[in-house]
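Colleague: Following this message is one structure expressed as structure tokens.
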Amino acid sequence: MLRFLRESTAIAQVELLKLVRDPTEMFSRAVQPVLWLTVFGQVLAHVHGIYTGEIGYLAFITPGILAQSVLFSAIFYGIAVIWERDLGVVHKLLVSPALRNSLVFGKAISAGFRGLVQAVVIYGIALAMHITLRLEPQAILGVLAAVLLGSGLFSTFSLIIACIVKTRERFMGIGQVLTMPLFFASSAIYPLELMPGWLRIVARLNPLTYLVDVLRGLMIVGGVSMHGLGVDFAILLAIFVVFLLVAVRLYPTLVE
Amino acid sequence: MKEQAVKAAGERGTGEAAVRTIGLTRLFGSLAAVDHVDLVIPYGEIFGLLGANGAGKSTLIKMLTTLLPPTSGHAQVGGFDIVGAPALVRGRIGYVPQLLSADGALTGYENLLLSAKLYGLPREERHDRIEEALDFMGLADSAKRLAKTYSGGMIRRLELAQAMLHRPAILFLDEPTIGLDPVARHVVWERLRELRSSYGMTVLITTHDMEEAETLCGELAIMHGGRIAVIGKPLELRTGLGPTASLNDVFAHYAGGGISDGGDFSGAVRTRRTARRLG
């Protein structure tokens, strides 16, 4: 266990160091959630086209936009892995005696750092827009934990896709095909109740729905988790573990 | 230095040879990339693996470094079976891929620190071992610079420092001097010779450079069509072909002679990318 932690931490530390040295990607990725909240959210809030109960529409979509940012930044993580493979970095990692699961878990944790930066950005925007957020430490810690878990889950999913498709060109195509359906077939920007029956079933199979749900329950004043925080976290954790197990098996095939 | 050589020897497994393969084969569909290769590399040897593009060198190296499972046959590296005990094999080898794999966004020291952690070097030994490896490779003054500011030769030496950090019994080097200028190439050769003499390391190197093969390697194998076409000392191979034969003649004779259609598109892209990164 100590070995697993040491090796995972080593991989994650390197990624964190690189992120701190070159935060360009973080800032560029922050543009999209700003637009969703300030343009899309503001317009829909004025139209009153979507009933969101006691809480306003802007507050309703804020956790959804955070979940979307987590998804969008994590889902293309596989491209970086394919790039590392092309540079021989993956070969070098796999030739080391480090455990395969620590390498994959370390990658997932480092994706989590990127998610945390997104969370900080969205908290900042939401506060500036006077959206009423829960600021108790336990609520914020819960949000950060969910963001870490969600980032890890989607980045590991991305790693699995990378191991299957193996080239950047194919990955870009698959990534584009996956992100929008995952986003729109979730409760990120409208409640599940507004969806037709078939889409509701798809949404219930979509991990993003549970990430949105846990964030909605923890992030905004008056927000309610439909499934319960425990259920949301348990489902996300279970999917993450399954993805990790699959990714550990597939990661070595990337260099074959 | 004697003590260091003993430490390197202590990493060895129980086998008599550093590398021993019996009928090692790897099929891709119906194509035999490596076809029943029998090879014995003694400890302490600098062994050169030559062959045209697509001859099977990289596939063989991938199998010996546990990156690719063989279709059939057996291989022991450092005394351990590559299929039965891959983790033990990995602990006894160092690897420098053909591509420049040092992380340019990290300093030289940080690159080595990552390796030290992944290879499980004890915390209290890490700093000294990293300093020693950097010093050995002539990079002590550049340790705090980002690797992306290094010259091509420096990056190669940094990668060698990474590969030797845990004092492996066997080093696998896939075309380590490709794209380097003559001065940088000679520096790398000198370091490899020192690695063998000071640390007792066995080196398996793939190359297309006949000068490198002739001056650096004690023994050579030329691969053709996935098989070992010939094996021997450079001088023996030359004299075996004729009194005036050069190693280029030997290569042309055993590696097919004609224009090679071997290799694949991605291999060519990799080579060009490495050359471009080296400037």
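The values are calculated or read from the model by the stated rules, or taken from the named source; none is laboratory data. As the structure is a prediction and not an experimental result, all values here were calculated from the model. Glycine also receives a Cβ, built like all others from the backbone with ideal geometry; neighbour counts cover every protein chain displayed.
Colleague: Take B:Thr65 and decide whether it is at pLDDT 95 or above, touching a helix residue (DSSP H, G or I) at 6+ places or on another chain (Cβ under 6 Å) and not aliphatic (A, V, I, L, M). Walk me through how you get there before you give the answer.
Modeller: Details: at pLDDT 95 or above: yes; touching a helix residue (DSSP H, G or I) at 6+ places or on another chain (Cβ under 6 Å): yes; not aliphatic (A, V, I, L, M): yes.
So B:Thr65 passes the test.
Colleague: Quick check on my filter: what residues within segment B:43-64 are farther than 22 Å from B:Trp189 by Cα and within 12 Å of another protein chain (Cβ to nearest Cβ)?
Modeller: Those that are farther than 22 Å from B:Trp189 by Cα and within 12 Å of another protein chain (Cβ to nearest Cβ): B:Thr59, B:Lys62, B:Met63, B:Leu64.
Colleague: Look through segment A:185-236, keep the residues that are more than 16 Å from A:Gly64 (Cα to Cα) and of a type in the set (Val, Ile, Thr), and return whichever of them is surrounded by the fewest Cβ atoms within 10 Å (Cβ to Cβ).
Modeller: This residue is A:Ile201.
Colleague: Let me ask something additional. Residues being within 14 Å of chain A (Cβ to nearest Cβ) and either farther than 22 Å from A:Leu103 by Cβ or in contact with a Gly (Cβ under 6 Å, 6 or more places away or on another chain) (or both): count how many of those fall in segment B:126-145.
Modeller: 2
Colleague: Here's a follow-up. How many of the residues making up segment B:229-279 are surrounded by 11 or more Cβ atoms within 10 Å (Cβ to Cβ), over 30 Å from B:Ser101 (Cα atoms) and at pLDDT below 55?
Modeller: 0
Colleague: Go through segment A:87-133 residue by residue and tally those that are at the interface with chain B (Cβ under 9 Å from one of its Cβ atoms) and part of a loop (DSSP other than H, G, I, E, B).
Modeller: Residues that pass the stated criteria total 5.
Colleague: If you don't mind, another one. Look at segment B:15-61 and say how many of its residues are over 20 Å from A:Pro252 (Cα atoms), polar (S, T, N, Q) and part of a strand (DSSP E or B).
Modeller: 1
Colleague: Ok, one more. Within segment A:2-46, how many residues turn out to be farther than 20 Å from B:Ala116 by Cβ and out of contact with any Ser or Thr (no Cβ under 6 Å at 6 or more places or on another chain)?
Modeller: Qualifying residue count, segment A:2-46: 26.
Colleague: Considering only residues that are part of a loop (DSSP other than H, G, I, E, B) and touching a residue at least 60 places away in the same chain (Cβ under 8 Å), which ones fall in segment B:187-231?
Modeller: B:Gly200, B:Met201, B:Thr207, B:His208, B:Cys217, B:Gly218, B:Gly225, B:Gly226
Colleague: Confirm whether B:Pro70 is without any contact (Cβ under 8 Å) to a residue 60 or more places away in the chain, in contact with a helix residue (DSSP H, G or I) (Cβ under 6 Å, 6 or more places away or on another chain) and farther than 26 Å from B:Glu212 by Cβ.
Modeller: Taking the combined requirement at face value, the residue satisfies it.
Colleague: Is it the case, given these coordinates, that A:Thr156 is more than 30 Å from B:Leu67 (Cα to Cα), more than 14 Å from every other protein chain (Cβ to nearest Cβ) and either surrounded by 14 or more Cβ atoms within 10 Å (Cβ to Cβ) or at pLDDT 95 or above (or both)?
Modeller: no
Colleague: Now for a separate question. For segment A:21-28, does any single residue satisfy the condition of being more than 14 Å from chain B (Cβ to nearest Cβ) and more than 15 Å from A:Val120 (Cβ to Cβ)? Full working, then the answer.
Modeller: First, the residues of segment A:21-28 that are more than 14 Å from chain B (Cβ to nearest Cβ): A:26-28.
From the residues that got through so far, the ones that are more than 15 Å from A:Val120 (Cβ to Cβ) too are A:28.
Yes; the residues of segment A:21-28 include at least one that is more than 14 Å from chain B (Cβ to nearest Cβ) and more than 15 Å from A:Val120 (Cβ to Cβ).
Colleague: For B:Gly179, all conditions in the list (1) closer than 27 Å to B:Phe47 by Cα; (2) assigned to a helix (DSSP H, G or I) hold save one; what is the number of the exception?
Modeller: Tallying (1) closer than 27 Å to B:Phe47 by Cα; (2) assigned to a helix (DSSP H, G or I), B:Gly179 fails exactly one: (2).
Colleague: Right, next: Quick one: in segment A:1-20, which of the residues that are more than 8 Å from chain B (Cβ to nearest Cβ) and farther than 14 Å from A:Ser110 by Cβ is surrounded by the most Cβ atoms within 10 Å (Cβ to Cβ)?
Modeller: The qualifying residue surrounded by the most Cβ atoms within 10 Å (Cβ to Cβ) is A:Phe4.
Colleague: Step by step: first the residues of segment B:65-79, then only those that are closer than 21 Å to A:Val90 by Cα and among the hydroxyl-bearing types (Ser, Thr, Tyr), then the one that is farthest from the other protein chains (Cβ to nearest Cβ). Which residue is that?
Modeller: Looking at the filtered set, the residue picked out is B:Thr66.
Colleague: Where the second residue is surrounded by fewer than 13 Cβ atoms within 10 Å (Cβ to Cβ) and in a helix (DSSP H, G or I) and the first is within 14 Å of chain B (Cβ to nearest Cβ) and lies in segment A:230-256, which pairs have Cβ atoms under 8 Å and are six or more apart or on separate chains?
Modeller: Filtered contacts from segment A:230-256: no entries.
Colleague: Would you mention how many residues in segment B:63-75 are surrounded by 24 or more Cβ atoms within 10 Å (Cβ to Cβ) and closer than 21 Å to B:Glu219 by Cβ?
Modeller: 3
Colleague: Considering only residues of segment A:180-229 that are among the hydrophobic types (A, V, I, L, M, F, W, C), in contact (Cβ under 8 Å) with a residue 60 or more places away in the chain and assigned to a loop (DSSP other than H, G, I, E, B), which is farthest from A:Leu144 (Cα to Cα)?
Modeller: The residue in question is A:Ile189.
Colleague: Right, something else. What helices (runs of 4 or more DSSP H) lie completely within segment A:1-62 and have 1 or more residues being modelled with pLDDT of 80 or more?
Modeller: A:2-21, A:24-35
Colleague: Could you please let me know if B:Ala32 is of a type in the set (A, V, I, L, M), more than 9 Å from every other protein chain (Cβ to nearest Cβ) and over 16 Å from the mean Cα position of the chain (by Cα)?
Modeller: yes
Colleague: Looking only at residues in segment B:87-118 that are free of Cβ contacts under 8 Å to residues at least 40 places away in the same chain and more than 26 Å from B:Thr207 (Cβ to Cβ), which one is farthest from the other protein chains (Cβ to nearest Cβ)?
Modeller: Once the filter is applied, the top-ranked residue is B:Tyr109.
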